[in-house]
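The values are calculated or read from the model by the stated rules, or taken from the named source; none is laboratory data. Every value quoted in this text rests on a predicted model; they were computed, and no experiment measured them. Ideal geometry is used to build each Cβ from the backbone, glycine not excepted, and the neighbour counts take in all protein chains shown. Surface accessibility is based on the protein's heavy atoms, side chains included, excluding ligands, DNA and RNA. Shrake-Rupley method; radii C 1.70, N 1.55, O 1.52, S 1.80 Å.
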Amino acid sequence: GQLPTWLQGILIRNGPGMHTIGDSKYNHWFDGLALLHSFTFKNGEVYYRSKYLRSDTYNCNIEANRIVVSEFGTMAYPDPCKNIFAKAFSYLSHTIPEFTDNCLINIMKAGDDFYATGETNFIRKINPQTLETLEKVDYNKYVAVNVATSHPHYDSAGNVLNMGTSIVDKGKTKYLLFKIPSSVPEQEKKKSCFKHLEVVCSIPSRSLLHPSYYHSFGITENYIIFIEQPFRLDIVKMATAYIRGVSWASCLAFNKDDKTWFHFIDRKTKKEVSTKFYTDAMVFFHHINAYEEDGHIIFDIIAYTDNSLYDMFYLKNLGKDFEENVKLTSIPTCRRFVVPLQYDKDAVVDSNLVTLPSTATAVKEKDGNIYCQPEILCEGIELPRINYDYNGKKYKYVFATQVQWSPVPTKIAKFNTQTKEMLHWGQDDCWPSEPVFVPRPDAKEEDDGVVLTCVVKTDPKDPPFLLVLDAKTFTELGRATVNVEMHMDLHGMFIPQQAMKTETE
């Protein structure tokens, strides 16, 4: 096929790549050592490269020729002699463990630099052109967080907004929203933007020892949206996991009888909206988008009724017959919540406060709390992306992978949130990854651009390829076949040519 001439830049993807080191194996697919890969678009040509992230974790494991650094689903013991004294001694130094810097989930831009990110307090700077691994950054040096998300937001000035959890710091557990500025003052050019990191606000956890797990958060023009779900980390269990010989993943628990709480933080005053909004128990990883309309906040997420998704990716479940053997017990649903921030304070109890045309409801209860029920937009999509120019604004289109009862995508989809129409691209034996939308320069319409996705084939003899679709029609413009084995990945970003500093700079 033909690639549009305007498509110039680099698509970088990140995901787990190596699951066996020497005789040792990771338990979980999300534990594998990070493998970066990139597609560079230049004058109608595509160049591919891939490289393992040379994290401290990677280097220690390779040197020892076995897994010596623990990941979320795999607990590792640096010393093979697991006698009781060694265990007791290690336990003392492991209370809040030194986390891994195997940053395998996403790519983030901060200032002029690019970082591989995971969900711990470490991120690794990379060179986007060569994929070389550069310095390690510890968020904890700048803000008291033990974990942070891999799905930051960027404001119009290019500042990064992200969230992390501060575990039992000064006797409190809280969720922190922090900002990394896009540039530093002229006189401090040598300093990194992290030195100017600021905490925007903090939200106390509802429980000291059971903070909520979260993978992303939402943003509108005036508000930050944080969802505290009853899918929680048990801190005491995590602190003793090492001595008990279990993984940290076993310290995550979902309570289906609990509530999910919505927090809205005013970006100007940095204060939380005082009204308490909640919905039923759910598990979710990805926010799609959010915006404000007539005194309401509207936000779209992909949610599940249980936590079966994580368990499906244990490697023991991903054998050759996994499609037959492994079924999600909860299919992902795209849920739209409509939350009335400005409502009639004299409204009667049990009345629906939503005044926009939607089947979503927000019902006032006698204690003043407001119980929200979503409108179901569609089912069976995951790894959602949008035209990021519409982030925090009213929008139409979601680009996503399509999944049914298996968590591995078989198609990619374009969903219109207003008409509920869905377009698909899929072919037999093809497994696409998260689709990334790239807008055409000077585009006037939301879907004017291309969608990029990496496609892995079932048969190892069939080569994988990068697929380029016209985002409007979802027709194929071209594909670039890669003659090496390509791994299934998680997330990534497209870096336009002009956003890259040249090597000489």
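Pairs meeting the criteria (first residue in the range 365-378 and more than 10 Å from residue 339 (Cα to Cα), second residue of a type outside the set (D, E, K, R) and in a loop (DSSP other than H, G, I, E, B), beta carbons under 7 Å, at least 6 apart or on different chains) are 365/349; 366/349; 375/358; 375/359; 375/360; 377/417. Scanning the range 412-445 for residues that are in a strand (DSSP E or B) and either β-branched (Val, Ile, Thr) or open to solvent by 80 Å² or more (accessible area, probe 1.4 Å) (or both) yields a count of 4.
Kindly indicate whether residue 182 is open to solvent by less than 50 Å² (accessible area, probe 1.4 Å), more than 17 Å from the chain's Cα centre (by Cα), modelled with pLDDT under 95 and over 24 Å from residue 335 (Cβ atoms). The answer is yes for residue 182. Here are the criteria: (1) open to solvent by less than 40 Å² (accessible area, probe 1.4 Å); (2) in contact (Cβ under 8 Å) with a residue 60 or more places away in the chain. Tell me which single one residue 260 does not satisfy. Just one mismatch for residue 260, condition (2).
Take the conditions assigned to a strand (DSSP E or B) and open to solvent by less than 70 Å² (accessible area, probe 1.4 Å) and apply them to residue 30. Does it pass? Here the answer is no, as residue 30 does not meet what is asked. Only a single criterion out of (1) in contact with a strand residue (DSSP E or B) (Cβ under 7 Å, 6 or more places away or on another chain); (2) over 19 Å from residue 156 (Cα atoms) is not satisfied by residue 217, namely (2). Screening the range 446-462 for residues that are more than 19 Å from residue 11 (Cα to Cα) and part of a loop (DSSP other than H, G, I, E, B) and picking the one that is least open to solvent (accessible area, probe 1.4 Å) gives 446. Scanning the range 426-451 for residues that are among the hydrophobic types (A, V, I, L, M, F, W, C) and more than 17 Å from residue 386 (Cα to Cα) gives 430, 431. Could you list, in sequence order, the residues of the range 33-65 that are under 23 Å from residue 494 (Cα atoms), open to solvent by 10 Å² or more (accessible area, probe 1.4 Å) and either of a type in the set (D, E, K, R) or part of a loop (DSSP other than H, G, I, E, B) (or both)? Selection gives 42, 43, 44, 45, 49, 51, 54. Within this structure, residue 442 passes the test of being over 24 Å from the mean Cα position of the chain (by Cα), acidic (Asp, Glu) and at pLDDT below 95.
Tell me whether the range 210-223 contains one or more residues that are over 23 Å from the mean Cα position of the chain (by Cα) and under 28 Å from residue 385 (Cα atoms). No: zero hits.
When you look at residue 192, is it in contact (Cβ under 8 Å) with a residue 12 or more places away in the chain and either within 25 Å of residue 292 (Cβ to Cβ) or open to solvent by less than 10 Å² (accessible area, probe 1.4 Å) (or both), yes or no? No, not satisfied. In the range 470-490 there is no residue matching the filter, namely being buried (at least 20 other Cβ atoms within 10 Å of the Cβ) and not in a loop (DSSP other than H, G, I, E, B). Any chance the range 69-82 includes a residue that's at pLDDT below 95, in contact with a Leu (Cβ under 6 Å, 6 or more places away or on another chain) and farther than 22 Å from residue 285 by Cβ? For the range 69-82, residues at pLDDT below 95, in contact with a Leu (Cβ under 6 Å, 6 or more places away or on another chain) and farther than 22 Å from residue 285 by Cβ: absent. Of the strands (runs of 3 or more DSSP E) lying entirely inside the range 225-330, those containing at least 1 residues that are farther than 30 Å from residue 154 by Cβ and of a type in the set (A, V, I, L, M, F, W, C) span 252-254. Of all residues in the range 1-27, those being open to solvent by 10 Å² or more (accessible area, probe 1.4 Å) and under 18 Å from the mean Cα position of the chain (by Cα) number 1.
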